[in-house]
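Below is one structure, written out as structure tokens; the observations come after it.
Any read-out appearing in this document is the output of simple, stated calculations on the displayed coordinates, not a laboratory observation. What you are looking at is a predicted structure, and each value in this text was computed from that prediction instead of being measured. Note: ideal-geometry Cβ built from the backbone for every residue, glycine included; neighbour counts use all protein chains shown.
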Amino acid sequence: MAEYRTERVGRLIQEKIGSLIVEGKVKDPRVDTFLSITRVAVSRDLSYADCYVSSYKSAGLATGVEGLQSAAGFIQSQLAAMMHIRHTPRLRFHEDQGIREGFELVQKIDSLVNTNSETPNDGQ
């Protein structure tokens, strides 16, 4: 039961932080609207929420995460006003490399397929 609650709170935090970023309510200049919250992992006791961030522009990801981390107090206060839970989790922001790593993996697979199709078969 507690696992369902942490997932639900995580999805809600992801949605609310995403809307704060898109609406431009986070005034830090490092936080770009191209940032996206890909997933949120909430601790079992709801004291921490690890927010994983990706960006369409890979160059601004590290600075965007720094901007979100410095605005974490403001974002947490906004979440407290929007969400109806007793304690709002402390937010920690991390770069999500999963999308980039997945893209690189697909490129490697494609290059292997292309090299295998270019090599001649020895009569097989």
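So what is log10(I(q)/I(0)) for the stretch 2-118 at q = 0.11, 0.14, 0.16, 0.21 1/Å, when the Debye sum runs over its Cα atoms only? For the stretch 2-118, the Cα-only Debye profile gives -0.42, -0.60, -0.73, -1.10. Arranged from fewest to most other beta-carbon atoms within 10 Å of their beta carbon, Tyr52, Tyr4 become Tyr4, Tyr52. May I ask you to list the lysines whose Cα is less than 22 Å away from that of Lys25, ignoring any residue fewer than eight positions away on the same chain? Lys25 reaches Lys16, Lys57. Sorting 70-76, 44-50, 106-112 by their mean Cβ neighbour count within 10 Å, with the most densely packed peptide first, gives 70-76, 44-50, 106-112.
Between the alpha-carbon centres of the stretch 40-71 and the stretch 80-100 there is a gap of 7 Å.
Beta bridges assigned by DSSP with both partners in the stretch 2-118 are antiparallel in approximately 55 percent of cases.
For the chain, the longest principal axis of the C-alpha atoms and the axis of helix 72-82 are separated by about 70°.
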